[in-house]
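Q: Take this structure first; my questions come after.
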Amino acid sequence: MSNDELAQIVDTSDEWIYSHTGIRYRHIADQGVAASDLAVEAARAALQGAGVEAGQIDLILLATSTPDYPGLPATACIVQDRLEAVNAAAMDLVAACTGFVYGLQTARAFIESGSADTVLLIGSEVYSQIINWKDRNSCVLFGDGAGAAVIAAGQTAAGSRIIDGALYSRGQGAEALARLTGGSRNPLAADQPTTPGCYLSMDGRRVYNFAVAAIVETIQTLLQRNGLSFDDIDWVVPHQANVRIIDAAARRAGFDPARFYTNIAEYANTSAASIPIALDEMSRNGAIARGQTVITVGFGSGLTYGGNLIVW
């Protein structure tokens, strides 16, 4: 869906959206397509690329804030069944746009503890089903998508590995980016029509300020903790929320903005799917090479944020 198409739905324009966000397009799932549907497709591609059979998976982690069902069952269990991953435990991970970052650290912990050898990590989102298409401040920002990765114990020729990770939360900002109706705090009665609270709501200024600071803190922490300088990093792959956020963080910290990979112009904000979609695109177009050092950075609802230091 282009910005021009979106301008036929709400009072906006391609010029306004692009100048304020860096977004040109977003991909919208067909009606009836849920998070599990996109997750299964991404998972199959990741398994094929890794040369791993579904039966080898010990754990499926599905990062999503747009699950098939509210609360239960876990969307990860639906994916487990469709993949026929008969030996896998499965659970959803709810950290919104930081979900893939949290998932990498969770996978790492399971593997290093010996609790799992092979973990399938998926970020899958269908935000088109939870945004208010009449709210031009939020509907222009989001798209649908999924990405997946296989994380396994063992050695590779390039030394691919997760070196470190840093995870944080700031719950005092929980309602700055949220769906406020439909849970146990504000349940939706059976005879109650859909209310604005059922859709995503966002305090844009508060989220912007939080996100810029979160990117800077996360990168600086991972560098300092591991005795690195920014020059030692080949790529930063941030959550694709808004180009202005990424540029402002780079300027604030004095980081080279050319090392921040962005593809938000094509996909918009796909929440937990944005980092794996970006990594997959980088791999396909040759932007990233085996053995390069990468920092991923996520930030979003919760408020949550964090990053991973990895060798590709």
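Any read-out appearing in this document is the output of simple, stated calculations on the displayed coordinates, not a laboratory observation. All figures in this text were calculated on a predicted structure; none of them were measured in a lab. We place every Cβ from the backbone using ideal geometry, glycine too, and count neighbours over all the protein chains shown.
Q: Averaging sequence separations of C-alpha pairs under 8 Å and six or more residues apart, then dividing by the length of the chain, give the relative contact order as a whole percent.
A: That works out to 25 percent.
Q: Give a residue-ordered list of calculated ³J(HN,Hα) values for region 253-266 (Karplus: 6.51 cos²θ - 1.76 cosθ + 1.60, θ = phi - 60°; whole Hz; x for Gly, Pro).
A: Along region 253-266, the couplings run 8, x, 7, 5, x, 5, 8, 8, 7, 10, 9, 4, 4, 8 Hz.
Q: Of all trypsin sites (Lys or Arg not before Pro) in region 108-180, which ones are in loop regions per DSSP and have a Cβ with at most 16 other Cβ atoms within 10 Å? Intermediate values should be presented prior to the final figure.
A: On the way: sites: 108, 134, 136, 161, 170, 179; in loops: 134, 170, 179.
The qualifying sites are 134, 170.
Q: Computed over the Cα atoms, what is the radius of gyration of the chain divided by 2.2 N^0.38 Å, N being its residue count?
A: Against the empirical 2.2 N^0.38 Å value, I get 0.96 for the chain.
Q: Another question, if that's okay. Could you line up 126, 216, 236 from fewest to most neighbouring Cβ atoms inside 10 Å?
A: 216, 236, 126
Q: At 7 Å along the Cα-to-beta-carbon direction for both residue 195 and residue 10, put a label point, then send me their distance in nm to one decimal.
A: Result: 2.1 nm between the two label points.
Q: How large is ³J(HN,Hα), in whole Hz, for each residue of region 55-60 in order, when computed from phi with the Karplus curve 6.51 cos²θ - 1.76 cosθ + 1.60 and θ = phi - 60°, using x for Gly and Pro?
A: Residue by residue, region 55-60 yields x, 8, 6, 8, 8, 10 Hz.
Q: Something else: Calculate one ³J(HN,Hα) per residue across region 83-89 by plugging θ = phi - 60° into the Karplus curve 6.51 cos²θ - 1.76 cosθ + 1.60, and present them in order as whole Hz with x for glycine and proline.
A: In residue order, the calculated couplings are 7, 6, 7, 5, 9, 9, 6 Hz.
Q: Positive end of the charge dipole of region 3-152 (Lys, Arg +1 and Asp, Glu -1 on Cβ, about the Cα centre): tell me which of 59, 106, 138 has its Cα farthest that way.
A: 106
Q: Taking the Cβ of each residue in 160, 115 as the centre, tally the other Cβ atoms inside 10 Å and list the residues starting with the fewest.
A: The most exposed by this proxy come first: 115, 160.
Q: When 299, 260 are ordered from fewest to most other Cβ atoms inside 10 Å of their Cβ, what list results? Spell out each step's value before the answer.
A: Numbers: 299 31, 260 20.
Ordered by Cβ neighbours within 10 Å, fewest first: 260, 299.
Q: Near residue 88, within a Cβ-to-Cβ distance under 15 Å, what is the net charge of the other residues, with Lys and Arg +1 and Asp and Glu -1?
A: It works out to a net charge of -4.
Q: Under 8 Å for C-alpha pairs, at least 6 residues apart: give me the relative contact order for region 75-160, rounded to a whole percent.
A: Reported relative contact order: 24 percent.
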